[in-house]
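J.: The structure is given below, and queries will be raised subsequently.
Just so it is clear, none of the values below were taken in a lab; they were calculated from the coordinates. Quantities reported herein were computed from a predicted structural model and do not represent experimental measurements. Reconstructed Cβ throughout: ideal geometry from the backbone, glycine too, with neighbour counts over all protein chains shown.
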Amino acid sequence: CINSSGYFQVSFHRFPTDKDLKRKWIAAIRRDEGPLFKISNATKVCSRHFTESDYWKSVASGLRLLHHSAVPSVFAFCKPKPSRKPPCDRLECHIPKKKRRKPMQDSQGSVLSENEAPSPDALPRSPSSQHGSISRTPSPLKQIFPPNAPSQEQSFCGSCTCNAAIIELKAQLAGSNENERRLQEQLAASRQELLELKGKVEYVENKIYAQTQELNLLRNELVDAQHTVVKLKEESMPFGIEKFVESDEDMQFYTGLPDYSSFTALLDYLEPGENGKNIKQHKAKSRSQRSNEYSGRPQKLGVNNQLFLVLMKLRLGVFHRHLGHLFCISPSTVSRIFSAWIDFMYLQLTTLPLWLSRQAIDEDMPQAFKDYASTRVLLDATEIRCNVPTSFVTQSQLYSHYKSAHTLKGLIGVSPSGLVTFVSELFTGSTSDRECVIRSGFLDLEFDPGDSVMADKGFRIADMLQQKGVALNLPPFLRSNQFTSTDV
């Protein structure tokens with residue numbers, strides 16, 4: 001190829017990076033790589049070695065872009081040579097020599113006279129000549145004029161028949177040539193149409209391939225956008241119970257409840273009413289004179305998030321200021337909500353029958369209590385630290401020598417299976433365990449004969465329980481340096 005970059009109507013194309021397609025290009029140009037020929041980025045093929053079907057049509061930029069599967073095919077060594085016309089068939093014509101006439105014999109071997117010799121029309125013909133077609137092997141002239149033609153008349157008749165056969169053969173040959181020419185035209189048109197269809201199919205395939213790649217790219221962008229939207233929703237969602245509906249672990253951490261369904265069950269049992277109308281809010285003294293129809297301005301938190309706030313306060317002991325930042329309300333609003341809900345929950349939950357029957361205790365009795373099957377309740381005292389009051393009398397009453405702090409004391413009763421069955425009121429920290437039992441109403445509970453109470457060594461209430469027919473199980477006191485296995 002003598003084309004160079006100086007020709008404006010010629011473009012140059014680099015070798016493809018695909019290995020299989022690159023091998024096809026090397027085979028097409030008939031230049032194998034070696035010491036004198038190396039394919040690099042500067043090695044290019046002229047556009048005149050490609051057909052029009054190898055290019056994209058109607059490119060907006062005006063550049064000539066090849067299809068991804070195009071291979072150079074136009075070369076001087078690829079031009080077909082014109083085929084040589086086949087030689088004409090030769091017709092054999094036997095000229096009889098003047099010989100001594102031999103007597104003719106029929107098929108049975110008898111000698112025929114001269115007058116009985118068959119005429120040329122009576123001579124046998126080949127099956128092909130009977131149907132009007134002339135077979136090239138053997139030649140029809142051999143059948144018309146046998147080599148041993150007996151006379152000139154017979155030779156003249158045979159030559160007329162041969163001329164007629166030749167004319168007929170030429171007519172058939174002309175018709176065959178016409179049919180062949182017409183078929184060649186149809187074949188050329190079909191090939192041209194096939195090339196156009198191949199170009200269209202390749203164009204459609206390339207377009208589908210490009211659109212598929214674009215579709216996959218858009219799908220990936222859509223998935224990324226969806227993840228981004230979910231992340232933004234989670235980040236923009238305000239702190240509240242709605243954020244932990246699907247997370248049982250977070251629900252357990254913030255509220256102490258196992259899952260969201262338990263939270264909704266507790267809310268339904270409390271029945272705070274629409275917008276918390278059943279909860280009595282604490283109002284300032286200046287508003288106490290207003291009519292009962294005054295409901296105040298609408299609350300920012302719904303009843304579900306108000307309960308969530310209260311449970312967080314009870315579970316984690318979070319300060320009001322921190323809760324205000326989480327729920328976007330003021331600390332004073334947090335204080336009012338917490339106080340109102342504590343009073344409301346006290347009224348609603350203290351009506352629950354916590355004390356279990358003997359049958360319910362026996363049904364859930366753990367295996368660890370098989371030696372203490374009569375145990376009805378495990379009783380213990382707990383102390384909660386409180387602020388130091390200004391009154392010295394109250395300070396002395398609240399001071400606990402056991403905790404060395406000002407506390408409030410209460411009794412907790414737990415069944416052998418772990419359920420809370422008794423909760424007393426709070427007493428001052430200096431109150432003894434025996435006094436708490438007497439004042440809490442624990443002795444007024446229904447016991448069955450043979451029941452026993454398991455308590456700590458500080459509970460000196462055996463005499464009071466014996467009056468109800470109930471035994472007291474106390475742990476052994478440490479009299480020596482170490483408990484025995486029996487004491488343990």
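J.: Sequence-distant or interchain residues sharing an amide H contact under 5 Å with T428, placed H: which?
T.: For T428, whose amide H was placed from the backbone, the distant partners under 5 Å are K409.
J.: For region 18-31, take each phi angle, set θ = phi - 60°, evaluate the Karplus expression 6.51 cos²θ - 1.76 cosθ + 1.60, and give the result in whole Hz per residue in order, putting x for glycine and proline.
T.: Per-residue couplings from phi come out as 5, 5, 5, 5, 5, 5, 5, 5, 5, 5, 6, 7, 6, 9 Hz.
J.: Related question: What Kirkwood hydrodynamic radius, in Å, does region 12-78 give when the mean of 1/r is taken over all pairs of distinct Cα atoms and then inverted?
T.: About 12.8 Å for region 12-78.
J.: Right, here's the next one. Enumerate the calculated ³J(HN,Hα) couplings along region 459-464 in order (Karplus 6.51 cos²θ - 1.76 cosθ + 1.60, θ = phi - 60°), each rounded to whole Hz, writing x wherever the residue is Gly or Pro.
T.: Karplus values, whole Hz, x for Gly and Pro: 8, 9, 10, 5, 5, 6.
J.: Let me ask another. Where does the charge balance sit around T351 when Lys and Arg score +1, Asp and Glu -1, over other residues with C-beta under 15 Å from its C-beta?
T.: Result for the local shell: -2.
J.: Still on this structure, please answer the following. Considering the alpha-carbon set of region 316-418 alone, what are its Rg and its Dmax in angstrom?
T.: Reported Rg and Dmax, both Å: 19.8, 55.
J.: Under 5 Å between amide H atoms, partner at least 5 residues away or on a different chain: which partners does L472 have, H built in plane at 1.01 Å?
T.: Placed amide hydrogens put V453 under 5 Å from L472.
J.: So, one more: Please give the per residue volume of the convex hull enclosing the alpha carbon atoms of region 358-473, rounded to a whole number of Å³.
T.: With only Cα atoms used, region 358-473 gives 106 Å³ per residue.
J.: Now for a separate question. What percentages make up the Cα-Cα pair-distance distribution of region 157-277 when the bins are 5 Å wide from 0?
T.: Taking every Cα pair in region 157-277, the percentages come to 2, 8, 7, 7, 7, 6, 5, 5, 4, 5, 4, 4, 4, 4, 4, 3, 3, 3, 3, 3, 2, 2, 2, 2, 1, 1, 0.
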